[in-house]
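The structure appears below as structure tokens.
The values are calculated or read from the model by the stated rules, or taken from the named source; none is laboratory data. These numbers come from a predicted model, not from an experiment. All Cβ positions, even for glycine, are placed from backbone atoms using ideal geometry, and neighbour counts span all protein chains on display. Just the protein is used for accessible areas: all its heavy atoms, side chains included, with ligands, DNA and RNA removed. Shrake-Rupley method; radii C 1.70, N 1.55, O 1.52, S 1.80 Å.
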Amino acid sequence: MRLRHTQAERRLPMNKYPAAEIATIGPLVVSTTNPRYFTVADGRDAGRKAVYLTGSHIWNNFQDGMGPGAECAAQPEAFDYGGYLRFLKEHGHNFIRLWRWEQFKSQAAGGAFHLCMAPQPWLRTGPGTAVDGKPKFDLTQFDPAYFDRLRDVVVAAGNAGIYVGVMLFDGWALHLSPPPDNVAGHPFFAANNTNGIGITSILDYQVLPLGAGVQPLQEAYIRKVVDTVQDLP
């Protein structure tokens, strides 16, 4: 499948498909016949017909900015999401783990690939610049582009008959991607935000008790994600 195309192709209009028009493929409930499986809560085969979730995973199926080489591209590489959905359908797949990559500057595969992922949940307002030379994040202001895209891609998947697992946090990159960008490339690193938040490792960010000021920001972000997709089946 084609992985690169223009930003115009990548974006889907916000609310192009209202919730009522999404393909009626869900929601999923635990099967009463065999609780190891899901079934569809549609009243017809509830508790009998199992839904086996399977899909093909890739790190940039939600955000742009993955490509070869350690350094970020001048323009984040766009992902062919429409082609991705077609690929899944053609291979009989029905599930996406919608990956959220938290770093706006990072690497993987020993530095062979960069993951400079955009958009992020927060606006880059400054004052001052982050480690990538772009304006610092204001962690109290959400970026509408991130949440518009979140709704768009979930709706598009639903219309293709594909379930979506919306990923809230990514522990892999903070813990295992190459230093220093595993931490220094994160919006919650001190040099990257205007809010006085300065995590130094995954322990400050994902292990209770959290670093000072981190938990309220995470809770606000989770509420925003839920508000964005809560009406979808």
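For (1) more than 29 Å from Tyr81 (Cβ to Cβ); (2) more than 19 Å from the chain's Cα centre (by Cα); (3) open to solvent by 50 Å² or more (accessible area, probe 1.4 Å), each residue gets a yes or a no:
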residue: Phe137; (1), (2), (3): no, no, no
residue: Phe142; (1), (2), (3): no, no, yes
residue: Val164; (1), (2), (3): no, no, no
residue: Leu176; (1), (2), (3): no, no, yes
residue: Asn182; (1), (2), (3): no, no, no
residue: Pro187; (1), (2), (3): no, no, no
residue: Leu208; (1), (2), (3): yes, yes, yes
Would you say Asp143 is under 14 Å from Val225 (Cα atoms) and among the acidic types (Asp, Glu)? yes
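Please report, ordered by residue number, the strands (runs of 3 or more DSSP E) entirely within segment 116-209 with at least 1 residues that are touching a strand residue (DSSP E or B) at 6+ places or on another chain (Cβ under 7 Å) and free of Cβ contacts under 8 Å to residues at least 40 places away in the same chain. Talk me through it step by step, then tell me what you get.
On the way: elements: 122-129, 135-142, 163-166.
It comes to 122-129, 135-142.
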Per-region count, segment 52-110, residues more than 21 Å from Asn159 (Cβ to Cβ) and among the hydrophobic types (A, V, I, L, M, F, W, C): 10
